[in-house]
Each structure stands twice: as C-alpha cells, then as structure tokens.
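Read the structure below first, then the notes.
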Amino acid sequence: MTVVKMEEKHIDQVYEIETSSFSIPWGKEDILKEVRENKHAVYYAAVEGETVAGYGGMWHVINEGHITNVAVREDARRMGVGGMILDALEGYANENGLIGLTLEVRISNEAAQRLYTKHGFKPEGLRKNYYADTGEDAVIMWKRLAPSARD
C-alpha cells in the first residue's frame, strides 16, 4: 500500500468511498473540482495496485491545514490506512511550514476521534449543531506542529 497524490483517475473509487462513509457525501463533481481547480487543496489516496483503499485531503489556508475528508473503504478499515493518510497530510504540512492541522469530527464518531488522538490531535472545542442532517455537534480537533518539525 502506498500513499500518492490524488489524481483524476482515482475519482470514481474515491466517490464510492465518500458515499459509503458519510451521511452527507460530497458529489463526484465536488471531489473532481477539488483535484482540478482548488489551488489550496491537497489530497492523497492510499492505493494498492489500481485499487483505492482510502483518501484524505485538506485545504492549505495561509499557514494552517484544514482537513476536509478522511475516509477508508469499509473492508480496509482498522488496517492503518487512515493513519497513512494522516501521516501524508502531516508530511505536507511540515514541508510547507504549516503551524498545525485542524478538523471537525462528529461527536458520536468515536473511532475517528481515537484515530486522530493516536496521531496527536487534541479536542479544543465544539461546533454546536454542525451537521445539517442530524444537528449533531462536531468536536474541533487540532494538532499543533512544532517549529523544529518545520525547519
């Protein structure tokens, strides 16, 4: 399994993972637009051969990375794929001098929160009624990057 920059050839499989992972999935055109047009978007795919096992991305905004999506195909979960994707995003952040990474995660998504915590993210706030489908709150998590990691 390797993590590579997401390309247009990955979009169909990424979209399948997106729709099976999220109750409010992004559309295929939204994902394609991120890869083709968004100059601030950084997306990776974890692949084995031609098969996408997972993907993740963030927006590079000034000196921070806002993680937008991390999702793993159901049959590839709990195999380290999500961690590989987070490592790739953090690698990009360190190479580009970002001060930290942030994300929102459903308060009920304990598995994702455990993954993020394992990778050094800490809960730092709540967004009340963040998710439109259920009104569920989101936990805001941050991973601050040490200046030495960016030098």
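Derivation of every value follows stated rules applied to the coordinates shown; laboratory data play no part. Note that this is a predicted model, so its numbers are computed, not measured. Glycine gets a Cβ as well: all are built from the backbone with ideal geometry, and neighbour counts include every protein chain shown.
Given the options THR134, THR51, THR19, which has the most mean-square fluctuation in a GNM of the chain, springs set between C-alpha atoms less than 10 angstrom apart? Between THR134, THR51, THR19, it is THR134 that shows the largest mean-square fluctuation. Placing +1 on each Lys and Arg Cβ and -1 on each Asp and Glu Cβ, with no other charges, gives the chain a dipole about its Cα centre of roughly 500 debye.
Calculate I(q)/I(0) for segment 13-68 by the Debye formula, one identical point scatterer on each C-alpha and no solvent, and give its log10 at q = 0.15, 0.19, 0.23 Å⁻¹ to two decimals. Evaluating at q = 0.15, 0.19, 0.23 Å⁻¹ gives log10 I(q)/I(0) of -0.45, -0.71, -0.98. Computed from backbone phi, the HN-Hα couplings of segment 75-81 come to 6, 10, 6, 6, 10, x, 5 Hz, rounded to whole numbers (Karplus: 6.51 cos²θ - 1.76 cosθ + 1.60, θ = phi - 60°; Gly and Pro given as x). Number of Lys-Lys pairs in the chain with C-alpha atoms under 30 Å apart and a separation of 8 or more places or on different chains: 22. Relative contact order of segment 2-150: what whole-number percent is it, with Cα pairs under 8 angstrom and at least 6 residues apart? Relative contact order here is 18 percent. Where a ≥ b ≥ c are the square roots of the eigenvalues of the C-alpha gyration tensor, would you call the chain rounded, which needs a/c under 1.5, or, failing that, prolate if a/b is larger than b/c, or oblate? Note, shape of the chain comes out rounded.
Of the residues THR134, HIS66, ILE31, the one whose Cα sits farthest toward the positive end of the charge dipole of the chain, with +1 on the Cβ of Lys and Arg and -1 on the Cβ of Asp and Glu, is HIS66. Between ALA132 and HIS40, the distance separating the two model label sites (each 7 Å from Cα on the Cα→Cβ line) works out to 1.9 nm. Which residue, GLY54, MET84, TYR116, has the largest displacement toward the positive end of the dipole of the chain when charges sit on each Cβ (Lys, Arg +1; Asp, Glu -1)? It is TYR116.
Each residue of segment 97-103 was assigned a 3J(HN,Hα) from its phi angle through the Karplus curve 6.51 cos²θ - 1.76 cosθ + 1.60 (θ = phi - 60°); the sequence is x, 6, 7, x, 10, 9, 6 Hz, with glycine and proline shown as x.
For MET6, the residues whose amide H sits under 5 Å from its own are TYR43, TYR44, ALA45, ignoring neighbours fewer than 5 places away on the same chain, with H placed 1.01 Å from N. With coordinates expressed along the principal axes, the C-alpha atoms belonging to segment 74-151 extend over 42, 31, 17 Å, beginning with the largest.
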